[in-house]
Amino acid sequence: MIYADRETHVLLQTPPDFRFSATRAYLTRSANECLFQVEDGKLYTLLKPGDEEAEPVLLEISSADDRELCVRFVDNPPDSSALRLEAAQYVREWFDLGRDLSPFYQLAQNEPLLRDVAQKYVGLRLVGVPDLFEALCWAILGQQINLGFAYTLKRRLVETFGTHRDWEGRRFWLFPPPERLAVVSVEELRDLQITTRKAEYLIGIAQEIADGRLSKSRLLQLGELSDLERELVKLRGIGPWTAHYVIMRCLRHPDAFPLADAGLHNAIKHVQNLPQKPSLDEVLRISERFGSWKAYATFYLWMTLLP
């Protein structure tokens, strides 16, 4: 990553095939999103640095040419170059800027399922969820409900147990840390319309992370997709779909593939103009055509379902 430190902001050079407008468009898919805001073409999000004593930093992310990113520290620029670098690295991971997508676009040119959508959304990166606890919670909240209600549940969870910062009449939220949810009761989560089972899952995973038994760094050391899945499904409430979703969005394994994902099945049906959704065996056979780009193929196919 090449970046320039300007004290009040940092500049990130992005890969040639990156387009900030494509990423920004994806991030506006729900008006009920509570962890970032888009206004006047700029993206705002609150970041909690790794240093426990450091205050949360409000970031403004923009681009003058749709490629190079300017990450501006809105109200309290860090006095440490290490913290500014941490913010730059966070954005880099969030937008998957370290990955060369040219092999994916070459594959898409010869793949009927991907050709049109890859051309339409060229420049879009697989937008991630860098924090493991947030990724696990988001995946659990989304189990067996529609996306709109999942966003509602996330907002209720964040606004009840998270922390915030106000700036120029707007409120920016941080996802609650595992230590906070580790000590809540099932009844408190049920008051938010989270089911008993999901409440138990969230609290259990919060306790695993808060106690140090589960961490992103430890999972990343495993490396192999099968090992990552095996480790995650040991957790109560985490099945293969949830595991692969988290591996895809947080752990960034390019071969992650949520085989049973209903949205993926609907996207394949839509693109191929099928009378009904494909079977699991058919989806599995289709995925073999994606090589080691299954995660990106899934992400781009999901884009076909957006209005």
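How do L153, L85 rank by accessible surface area computed with a 1.4 Å probe, from largest to smallest? Provide the component values of the computation, followed by the final result.
Working: L153 5, L85 55 Å².
In descending accessible area the options line up as L85, L153.
Testing the spin-label approximation: label points 7 Å from Cα along Cα→Cβ at Q272 and D227. State their distance in nm.
3.4
Go through the stretch 28-57 and name the GluC sites (Glu not before Pro) that are in a DSSP coil and have 13 or fewer other Cβ atoms within 10 Å of their Cβ.
Details: sites: E33, E39, E52, E53; in loops: E33, E52, E53.
For GluC sites (Glu not before Pro) across the stretch 28-57 that sit outside H, G, I, E and B with at most 13 neighbouring Cβ atoms in 10 Å, the list reads E52, E53.
Given C-alpha coordinates of the stretch 88-128, what is the ratio Rg to Rh with the Kirkwood estimate of Rh?
With Rh from the inverse mean 1/r over Cα pairs, Rg/Rh is 1.05.
With a ≥ b ≥ c the root eigenvalues of the C-alpha gyration tensor of the stretch 160-211, is it rounded (a/c under 1.5), prolate (a/b larger than b/c) or oblate?
oblate
Please go through the stretch 132-198 and write out the GluC sites (Glu not before Pro) that DSSP classes as loop and that have at most 11 other C-beta atoms within 10 Å. Mind dumping the intermediate values first?
On the way: sites: E134, E159, E168, E179, E187, E188; in loops: E168.
Here the sparse-neighbourhood loop sites are E168.
Determine the per residue accessible area of the chain with all protein chains present and a 1.4 angstrom probe, expressed in square angstrom. If you can, show how the numbers build up before the last one.
On the way: 14570 Å² over 307 residues.
I get 47 Å² per residue for this part.
Pop a pseudo-label 7 angstrom from the Cα along the beta-carbon direction at both S80 and D65 and give the gap in nm to one decimal.
Roughly 3.3 nm, to one decimal.
Assuming 0.36 nm per residue, please report the length gained on full extension of the stretch F36 to L220 beyond their Cα-Cα distance.
This chain segment gains 63.6 nm when fully extended.
What three numbers, in Å, describe the spread of the alpha carbons of the stretch 1-89 along their principal axes, ordered from the longest?
Result, largest extent first: 34, 31, 19 Å.
For the stretch 134-175, which semi-axes, largest first and in whole Å, follow from the square roots of 5 times the eigenvalues of its Cα gyration tensor?
Whole-Å semi-axes of the equivalent ellipsoid: 23, 11, 7.
Quote the relative contact order of the chain in percent (integer), defining contacts as alpha-carbon pairs under 8 Å separated by 6+ residues. Don't skip to the answer; put the middle values down first.
Values: 448 pairs, mean separation 49.6, N = 307.
Contact order relative to length: 16 percent.
Going by a ≥ b ≥ c, the root eigenvalues of the Cα gyration tensor, does the stretch 185-264 fall in the rounded group (a/c under 1.5), the prolate group (a/b larger than b/c) or the oblate group?
Details: a/c = 2.68, a/b = 1.42, b/c = 1.89.
Here the stretch 185-264 falls in the oblate category.
Select from R213, R92, R156 the residue whose mean-square fluctuation is largest in a Gaussian network model of the chain (Cα-Cα springs shorter than 10 Å).
Between R213, R92, R156, it is R213 that shows the largest mean-square fluctuation.
What is the gain in length, in nm to one decimal, between L280 and D51 on full extension, counting 0.36 nm per residue of separation less the C-alpha to C-alpha distance?
So the chain would gain 78.0 nm between L280 and D51.
Compute, for the chain, the length of the dipole vector about the Cα centre, with Cβ point charges of +1 (Lys, Arg) and -1 (Asp, Glu) only. Units Debye, rounded to 20.
It comes to approximately 960 debye.
The values are calculated or read from the model by the stated rules, or taken from the named source; none is laboratory data. Everything quoted here is computed from the prediction, not taken from an experiment. Glycine gets a Cβ as well: all are built from the backbone with ideal geometry, and neighbour counts include every protein chain shown. Remember, those area values only see protein heavy atoms, side chains included, never the ligands or the DNA or RNA. Shrake-Rupley method; radii C 1.70, N 1.55, O 1.52, S 1.80 Å.
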